[in-house]
Amino acid sequence: MSMSEKRLEGMTITPLLDEHLEKIHPVIGVVGDTGYVGVWIPSRIEDDKGNVAEKDLLYLVTDKGELIHADDRVLKERGWKLAYKPICFENRWCLEDVKRYLAGDSPPTDPKTILEHVLEQWTTYMELPSFEEYFYAALWDIATYFHPLFNSYPYKYIGGIKRVGKTKELQLHYCIAFNAIFSNNMSPSSIYRLIQNARATLLIDETEKLSNPERSQELRSILLAGYKNGEKVYRVERNRRDQLVPEAFEVYSPKALANISGLEDVLEDRCKVTFLKRSIDRRIADREINVKDPKWSAIRDELYRLYLQHWREVKACYDELNELNELVNLLKAYNFTGYECLTAREWELWKPIIALARFFDKHGMSLSKFTSSLGSLSSLNGEGSTGKFTGSLCSLMLSLAIADSKRKHLEDQSESREHVLVEVLLEMASEADNKDRYILVREIRDSMAPRFDGEEQKWLTSRWVGKTLRRLGFTEKDRTSNGYKYLIKRRDVEQLAERLGITRHKPPGETAHTPIHPSPPSQPSAPLTTPFKTPIQPILKPPGTSNSSEPTSPPVVNPRVEAESNPKPSQYMFRRIDPPDLSGLRPEEVRCEWCLGAADLVVYNPENPNLRAFICGKCKEQAFTSPTAPLPDDDAESFPINLNLYRDVDGDYRCPLDRQSFKNLGEFKKHIEVAHDWDRK
């Protein structure tokens, strides 16, 4: 017995250190210099006793025209072994075409013609926003057959309102893409195994019910990790002994999603986003997709053969894009500007599409022949194109990539919470007299709030601001009676803004940052614009004076009203609601139409005490007019309530107290008078 051999319970265990079998995927892939596709073929099995049976067995069809039985013993002779247990997946490559390919009788595989065939289906069944989108959709489908060659693969997100063709687009992907499956009615366990063992293209429709938190979390785990080759997700599975053990699943595969509500930021960052519009061309809109039409099988047959015969060229084009010099030369060759917005993540996701576009360009792909057909289709949606409809397919996709990256960059700047925080810091640090200084967390928070269009941001707290400042590198702080303050260094802020691509555009003549809450002037300014016909004048009190009806605490401002006034008004004081204002109503009955918060302020015109408005203490919007305000019988223009505040999406008037709806304005007025005892005297 050698030193490496071990006896254990009547068995001899010998480590096979010199025997190395290369793991191969049972469906599609490359091993060494051999590309292959797994196909299930009915086989006749006869044993030594003459018993005959028929069974579907897995075979590997190689780029050298070989047919290899995927049996462990056969593969071992070649130094291979299957990485995963094969799943008997429905053959998407017609066996008749497989037979012709093995016999060398297949029709010539012309890449340009195959792209034209795929593109023809997209122009036949879909109306997309621009002609670049047609080429992208066709290239995305074709690239699903080559996705094992890539380090990552972009998801495709289709958005839009109802009846714009989102499900129809997914059906088209189902007919063309590699091993496409819909996730509807599938258990998470089935989805994991189909992605891993069949390298399936996953299609997730808005009909997918994600109300089940467990299922929603499972799909989210697949989507967040599944765009990158080699990524795995661990699940707890039962083994043959009924024991719970962690098991790793490969989740990398092409995926397309469609819904109305949109995607979270992290997931959308992995997607090429396309928003559809309702089709104007009724011929396209009414044209249904028959998934059993033989033409789909014929297109897939071409794509399988395209992969086997040209995978080396596609991989070479992809590998060239990994070289920095090649990438720079490519961008310079097409005289592109603005490509700096292509981040590492975005370029990583666009490389498969760009590589395939370069491959087709090398095989004589010309865009000019599609000028008439695609130009008329894209003009229906009124969308401009990102580039000229001439030149190479690669330049067209690069222009689309740059335009898409710019859109994401602008959205990130306007929507990302961290971006808004950095913009505020940049403005504060850019003040003429403030180089490096300590700034209160509360001051930063108050400066951020107006940038969200008056909507309440529950997440925007001093705690969030403090944690984010530390995460961004601002760690030097001090505690005061007014809360924490952080040292904000101008140079650090400017470097951070440069890294995030944020620039501050100063208005002409601006020399310093304008505070959100300026001090009140000594004289009243212009009338405050309110939902009433008669403007409400600002109530100012001289320094050092007080009034029993007004609080001594700092004045409260309606930031949305202030921002809409022109010229910009001074700071206004609103007093708290007094019991007489409610006229028998309980304070909790005075609810805001927008956020349903309780009103705690009242603003009024001193010249007309009956004309007053409750202000929501939560979002600072008008809640509704005081019950003592008159209700005239004339038209809605003289009605003291801003009726638009009480109209829902269907155009009905909705009472802010009991939420009843009324189609007619007169019924609405009568309900307020009778049900809530409004005084008309």
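Residue-level check: of (1) over 25 Å from L194 (Cβ atoms); (2) touching a residue at least 40 places away in the same chain (Cβ under 8 Å); (3) charged (D, E, K, R), K23 misses just (1).
So that you can scan it fast, the table gives a plain yes or no per residue for (1) at pLDDT below 85; (2) under 30 Å from A333 (Cα atoms); (3) not hydrophobic (A, V, I, L, M, F, W, C):
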residue	(1), (2), (3)
T390	yes, yes, yes
S414	yes, no, yes
A432	yes, no, no
V441	no, no, no
M448	no, no, no
G454	yes, no, yes
R490	no, no, yes
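State whether one or more residues within the stretch 274-289 are in a strand (DSSP E or B) and either charged (D, E, K, R) or touching a Gly at 6+ places or on another chain (Cβ under 8 Å) (or both). Yes, there is a match, as at least one residue in the stretch 274-289 is in a strand (DSSP E or B) and either charged (D, E, K, R) or touching a Gly at 6+ places or on another chain (Cβ under 8 Å) (or both). Condition check: modelled with pLDDT of 80 or more and over 26 Å from T343 (Cα atoms). Does K255 satisfy that? When the stated conditions are applied, K255 does not pass them. Of everything in the stretch 169-204 that's β-branched (V, I, T) and in contact (Cβ under 8 Å) with a residue 40 or more places away in the chain, which residue is farthest from T124 (Cα to Cα)? Of everything passing the filter in the stretch 169-204, I195 is farthest from T124 (Cα to Cα). Residues of the stretch 454-470 that are farther than 14 Å from L425 by Cα and either in contact with a Leu (Cβ under 8 Å, 6 or more places away or on another chain) or not acidic (D, E) (or both): G454, Q457, K458, W459, L460, T461, S462, R463, W464, K467.
Scan the stretch 290-331 residue by residue and report those that are part of a helix (DSSP H, G or I), farther than 17 Å from D33 by Cα and among the acidic types (D, E).
Residues of the stretch 290-331 part of a helix (DSSP H, G or I): 294-321, 324-331.
Now narrow it down to the ones that are farther than 17 Å from D33 by Cα: 294-304, 320-321, 324-331.
If the condition is that a residue be part of a helix (DSSP H, G or I), farther than 17 Å from D33 by Cα and among the acidic types (D, E), then D301, E302, E320, E326 are the ones that fit.
Would you be able to say whether some residue in the stretch 41-52 is modelled with pLDDT of 90 or more, closer than 14 Å to R78 by Cβ and of a type in the set (S, T, N, Q)? No, the stretch 41-52 contains no residue that is modelled with pLDDT of 90 or more, closer than 14 Å to R78 by Cβ and of a type in the set (S, T, N, Q). May I ask you to say which residue of T167, T124, T207 is surrounded by fewer than 19 Cβ atoms within 10 Å (Cβ to Cβ), under 18 Å from the mean Cα position of the chain (by Cα) and at pLDDT 90 or above? Exactly one of T167, T124, T207 is surrounded by fewer than 19 Cβ atoms within 10 Å (Cβ to Cβ), under 18 Å from the mean Cα position of the chain (by Cα) and at pLDDT 90 or above, namely T167. Per this entry, R241 is counted among residues that are modelled with pLDDT under 95 and in the same structural domain as A138 (by TED's automatic domain parsing). Kindly list the number of the only condition in (1) surrounded by 11 or more Cβ atoms within 10 Å (Cβ to Cβ); (2) under 30 Å from the mean Cα position of the chain (by Cα) that fails for E443. All conditions pass for E443, except number (2).
Exactly one condition in (1) at positive phi; (2) assigned by TED's automatic domain parsing to the domain that holds V236; (3) not polar (S, T, N, Q) is not met by Y145; state its number. Result: Y145 passes all but (1).
Return only the number of the condition from (1) without any contact (Cβ under 8 Å) to a residue 40 or more places away in the chain; (2) assigned to a strand (DSSP E or B) that R241 does not satisfy. Unmet condition: (2).
Any idea how many residues of the stretch 456-481 are assigned to a loop (DSSP other than H, G, I, E, B) and at pLDDT 85 or above?
Within the stretch 456-481, the subset assigned to a loop (DSSP other than H, G, I, E, B) is 456-461, 472-476, 481.
Cutting the leftovers down to at pLDDT 85 or above gives us 460-461, 472-476.
Matching residues across the stretch 456-481 total 7.
Note on the stretch 148-176: residues that are β-branched (V, I, T) and out of contact with any helix residue (DSSP H, G or I) (no Cβ under 7 Å at 6 or more places or on another chain) total 3. If you go through the stretch 450-475 and pick out every residue that is within 17 Å of E494 (Cα to Cα) and not small (G, A, S), you end up with 7.
Is it the case that the stretch 208-216 has a residue that's assigned to a helix (DSSP H, G or I), out of contact with any Cys (no Cβ under 6 Å at 6 or more places or on another chain) and under 20 Å from D269 (Cβ atoms)?
So in the stretch 208-216, the residues assigned to a helix (DSSP H, G or I) come out as 213-216.
From the residues that got through so far, the ones that are out of contact with any Cys (no Cβ under 6 Å at 6 or more places or on another chain) too are 213-216.
From what is left, the residues that are under 20 Å from D269 (Cβ atoms) are 216.
Among the residues of the stretch 208-216, at least one is assigned to a helix (DSSP H, G or I), out of contact with any Cys (no Cβ under 6 Å at 6 or more places or on another chain) and under 20 Å from D269 (Cβ atoms), which makes the answer yes.
Of all residues in the stretch 74-128, those that are over 23 Å from Q196 (Cα atoms) and touching a Pro at 6+ places or on another chain (Cβ under 9 Å) total 2.
The values are calculated or read from the model by the stated rules, or taken from the named source; none is laboratory data. Since this is a predicted model, take the numbers as computed values, not measurements. Every residue, glycine as well, gets a Cβ built from its backbone with ideal geometry; the counts of neighbours run over all protein chains shown.
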